[in-house]
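Quick notes on the structure that follows.
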Amino acid sequence: SYFGVPLVSESGNDMMGHLAIFHDQPLVKEFRGMALLKIFAARARVELERKRAEQALRQSEERLASVLASAMDAIVTLDAEQRVTLFNPAAEKVFRCQAADVIGQSFEPFLSKRFGNLLKGYCLAVQPATVNSRQLWAPEGLTARRGDGEEFLVEATLSPLELGGQHFYTLILRDVTERWHSEETLKQLQLENLYLHEEIKTRQTPGHIVGDSPAMREVFAHAEPVAGTDSTVLLTGETGTGKSVIARMIHDLSPRRDKLFVNVNCAALPGELVESELFGHEKGAFTGATTQRKGRFELADGGTLFLDEVGELTASTQAKLLRVLQDQEFERVGGTQTLKVNVRLVAATNRDLVRMVKDSQFRADLYYRLNVFPIRLPSLCERPTDIPLLARYFLDQFAKKMGKTIHDLSPQACGQLLRYAWPGNIRELQNVIERATILARGPLLEIGNALDPRLEAPDTAGPVALEPVGSLEAMERAYILQVLERTRWVIEGEQGAAAILDLNPSTLRSRMQKLNIRKPKSPV
C-alpha cells in the first residue's frame, strides 16, 4: 500500500518533491499517520527552500565578490558612522593598504578636509527620504589621501544602501591624477601650438636685423654678450625703434632658443586683465573665467618672456611682477597654489622710468630689478646710414609680396628719406615704403607724397645727418661686404649671405659684380 504528500513551494508554483510511505500490508484509508506526514512534508519544504536560498545567496555573494575583485575602480562601503565595511582589491591598490587593516576603521583619514566635509553632507543628501536621486557625483578637484599620506585627485560617486533596516553608503572612486596631468599637458601643448601659430606670422630672425651704423653696432656689442646669460635686459628707446626685434635676437642667441619666446604688450591689455594674462587664472576667479587658464609666465617656462611697454603696468601688477623676479614663483588669479617657473625676462619701454619712479608712478625696487642690463635703441635719425638699407629691405619685401618688379630707390626718393625727421622711426619708414610700393609704376621707387611735408627739410638744407652718409651704392656695398665677412663669404644655404640679405643667390652675385665686390685672396 502507499500514502504520499507532494512537496510544493510556498508560492504553489514549484514542485519541490514528493514525500511518500510504502508498506507491504494494506493500510487503512484513515491512516492516522497522514497528519504527521503532512506536518513533516511542510517542514521538509521549508528546509529545502532555506537550503535553496542559502545556495542562491552564496552564489550571489561569489558573483559580487568576483565583480568587486575585477572592478577597476575603488569601491568602499561605509556604515552610518563612516566606518569601512567593504574595501575591494582596487581600493587596496589605490589607497596602498590592506582591507584587513581598514575594515571597521573610520574612513576619515583617507579623505582631504574638503572631501571629508562634503562626504558628511552627501551621506545626508542621498537618503531615500530626502531626494529622488539615489546617486551623487562629487565635484571636480577633490583629493583623497593614500595610506602613506600622499594626496591624489579623484572622481567619486556616492550611493545609499539599506540592509536590515541599517543605512550604508557605497563610495566608488577613481584615481584621475595621471589623466589630469595628461589633460594639463594637452592644454599646454594646444596653448603653445596656438601661440606658435600667432608668432610665426610676425617672427623675425637675427638675419633680418638691418643696420651697420655705429649706433647699431653699439647695440649689437651689448646684446650679443648678454644673450648668453639669464640676466634681465631692459630695452629703452622711442616707439618704433625695433625693441621687439632686438628682444627676439637676444632670445635666438641664448641657450633658451629652442624654447618659447612669449611676447606680451602690456599697453594693449585692459588693466583688469593684465594679471590674468601674465599669471593665469583659476576657474571662477572672475566673471567670464569659465575654465582654468595658464598665463604667459607658465607658457614661457624655460624660455624668454618679453614684456613690451612695461611702464604701463598697474601698481598691483608691478608688485606681483617684482615677486616673480625675486623668487620665480607666483599664484594664478583666484588660486592658492604657488607655481614656480624658470623664465628669462626681457622688458622694453619708451617711457622715462626714472622720471616715473620720482613721480611715484613706477616702483623703484622693480625698476632696479629690471635695469640689470639696460640697452638703449637709437632713433632712426641717429642712424641715417641705415635708412637706405632699411628702405631697400622693406622695398624688397613689399615688391615681392605685391608681385611688382622694382629694382631700386630713385635718387630723389633716397634724398627725401634722408631729409625726413622720422618721428615714428623704423615702423613709420616701413609704412612709407609700403605706401610708395603700392603706388609705384616703374623700376625705380618714388616716395612722392608718402611723407608728411611738415617733417621734411627743404632740398637746399641738405640731408640731416649725424654722421657721414655716402652714396646709396656705397652704403649698399658696405652692407653686403659686412654680411659676406660675417658668413665667411658663404653665399648659399640657410646661414649664407643671400639668406641673410633675403635675396636669391644669383641676384646677390649679380649685385656683387655690379658693385665690384670680390672675395679677397687668402694669404699664401
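Coordinate-derived values only; no laboratory data. These numbers were taken from a predicted model, which means no experiment stands behind them. Positions of Cβ are generated from backbone atoms using ideal geometry, with glycine treated the same way; all protein chains shown enter the neighbour counts.
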Contact order relative to length for segment 71-175, counting C-alpha pairs under 8 Å separated by 6 or more residues, stands in percent at 29
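Using the beta-carbon distance between THR314 and LYS187 and R0 = 25 Å, what value does 1/(1 + (r/R0)^6) give for FRET efficiency, to the nearest 0.05? Don't skip to the answer; put the middle values down first.
On the way: r = 27 Å, r/R0 = 1.09.
The calculated FRET efficiency here is 0.35.
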Between ILE375 and residues 5 or more places away or on another chain, the pairs with built amide H atoms under 5 Å apart involve LEU234, LEU235, THR236
With r as the distance between the Cβ atoms of GLN98 and ALA42 and R0 = 60 Å, compute the FRET efficiency 1/(1 + (r/R0)^6) and round to 0.05.
-> 0.80
Which ³J(HN,Hα) values in Hz, rounded to whole numbers, follow from the phi angles of segment 366-378 under the Karplus curve 6.51 cos²θ - 1.76 cosθ + 1.60, where θ = phi - 60° and Gly and Pro get x?
-> 5, 4, 5, 5, 7, 8, 5, 9, x, 10, 9, 8, x
Quick one: length gained pulling ARG509 to HIS222 fully straight, 0.36 nm per residue minus the C-alpha distance?
-> 100.1 nm
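Let's test the formula: R0 of 30 Å, r as the Cβ-Cβ distance of LYS120 and THR336. What FRET efficiency results, to the nearest 0.05? The partial results should precede the final answer.
Details: r = 23 Å, r/R0 = 0.77.
For LYS120 and THR336, the calculated efficiency is 0.85.
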Going down the list LYS400/LYS514; LYS259/LYS404; LYS243/LYS340; LYS283/LYS340; LYS51/LYS93; LYS259/LYS519, which pairs span over 30 Å between their C-alpha atoms?
-> LYS259/LYS404; LYS51/LYS93; LYS259/LYS519
What ³J(HN,Hα) values, in whole Hz, does the Karplus curve 6.51 cos²θ - 1.76 cosθ + 1.60 give for segment 111-116 when θ = phi - 60°, with x put for Gly and Pro?
-> 10, 5, 4, 5, 5, x
Amide H neighbours of GLY211 under 5 Å, at least 5 residues apart or on other chains, H built in the peptide plane: list them.
-> none
Could I have the simple spin-label model distance between LEU439 and PHE286, label points 7 Å from Cα toward Cβ, reported in nm to one decimal?
-> 4.5
For ARG427, put the label point 7 Å out on the Cα→Cβ axis and report which residues of segment 234-277 keep their amide N under 11 Å from it.
-> 238-244, 267-268
